[in-house]
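Worksheet: one structure, shown below.
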Amino acid sequence: MSYYASTIHAKACEIAQIYFGARFKTYRKTPMLQVTPQDLPILAVHILREQRAEFQANQAEPKFGHRLTLGFSGAVHADTEDQNKLYMLEEMMSELDDALLSNSAFVKLTEGVIGMDRISQYTKVGETTLFEIRVEMIVGFQSYWPPVVPDMLETIHVKTQFPDKAHADAGTPQLDREYDIDQGT
């Protein structure tokens with residue numbers, strides 16, 4: 001995963017947590033492998049996939065067009081007697097679009113939102129039955145990898161030359177010096 005993908009992921013997590021506040025009890029930056037009823041409702045924001053495709057392969061430094069898929073997973077305990085929790089999760093996950101796509105700080109990190117997908121499902125994690133809504137958001141950005149060229153400047157040779165004969169004939173001294181550059185500075 002690229003560093004820039006991590007930056008976009010971190011910003012999405014930050015925005016979601018600020019926007020929803022205490023409406024979600026738990027926030028995670030990784031997929032939910034183990035969930036207890038005490039963790040719910042929960043929102044996980046994680047990177048599902050990052051694809052890099054080289055473009056302009058034979059021009060200058062390596063550069064890639066990225067397609068980053070962010071996963072947003074909101075879940076509540078699926079009590080059969082309380083269907084209102086399911087509706088509340090539907091509403092909150094719908095608000096996720098507003099929270100992220102209306103936030104200029106998030107949108108500016110990308111070159112655009114390529115697509116989104118939403119899936120609702122009932123699942124069982126351990127002993128906990130969940131109603132989960134997953135939103136996948138695909139964003140694009142580019143990366144460039146300029147070559148590292150160490151500057152090994154060690155010596156400077158300075159030589160002056162006067163533009164006219166009058167200065168040279170007048171005996172004005174010419175400068176011809178070498179300076180060793182201290183590599184510690």
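What the table below lists for this structure:
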| quantity | calculated |
| --- | --- |
| Any hit, region 125-143, residues being touching a Ser or Thr at 6+ places or on another chain (Cβ under 9 Å), charged (D, E, K, R) and free of Cβ contacts under 8 Å to residues at least 40 places away in the same chain | yes |
| Inter-residue pairs, beta-carbon under 8 Å, first more than 17 Å from Val135 (Cα to Cα) and in region 89-111, second at pLDDT below 95 and of a type in the set (Gly, Ala, Ser), 6+ apart | none |
| Selected residue [in contact with a Lys or Arg (Cβ under 6 Å, 6 or more places away or on another chain) and under 29 Å from Leu130 (Cα atoms)] from Ala16, Ala10, Ala22, Ala44 | Ala44 |
| Strands (runs of 3 or more DSSP E) fully within region 103-185 counting 3 or more residues that are surrounded by 10 or more Cβ atoms within 10 Å (Cβ to Cβ) and touching a helix residue (DSSP H, G or I) at 6+ places or on another chain (Cβ under 7 Å) | 128-144 |
| Residue among Thr128, Thr185, Thr155, Thr172 that is over 30 Å from Ser2 (Cα atoms) and modelled with pLDDT of 80 or more | Thr155 |
| Residue among Leu153, Leu101, Leu175, Leu109 that alone is under 30 Å from Gln34 (Cα atoms) and aliphatic (A, V, I, L, M) | Leu101 |
| Flag for Ile8 being of a type in the set (Val, Ile, Thr) and within 27 Å of Pro146 (Cβ to Cβ) | yes |
| Region 28-72, residues that are among the hydroxyl-bearing types (Ser, Thr, Tyr) and modelled with pLDDT of 95 or more | Thr69 |
| Qualifying positions in region 17-47 - part of a helix (DSSP H, G or I) and either under 15 Å from the mean Cα position of the chain (by Cα) or among the charged types (D, E, K, R) (or both) | Arg23, Asp39 |
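Conditions (1) over 17 Å from the mean Cα position of the chain (by Cα); (2) farther than 30 Å from Ala75 by Cβ; (3) β-branched (Val, Ile, Thr), marked per residue:
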| site | (1), (2), (3) |
| --- | --- |
| Ala105 | no, no, no |
| Gly112 | no, no, no |
| Thr128 | yes, no, yes |
| Arg134 | yes, no, no |
| Pro146 | yes, yes, no |
| Asp151 | yes, yes, no |
| Ile156 | yes, yes, yes |
| Thr160 | yes, yes, yes |
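The values are calculated or read from the model by the stated rules, or taken from the named source; none is laboratory data. Predicted, not measured: the structure shown is a model, and the values here were computed from it. Please note: Cβ atoms are built from the backbone with ideal geometry, for glycine as well, and neighbour counts cover all protein chains shown.
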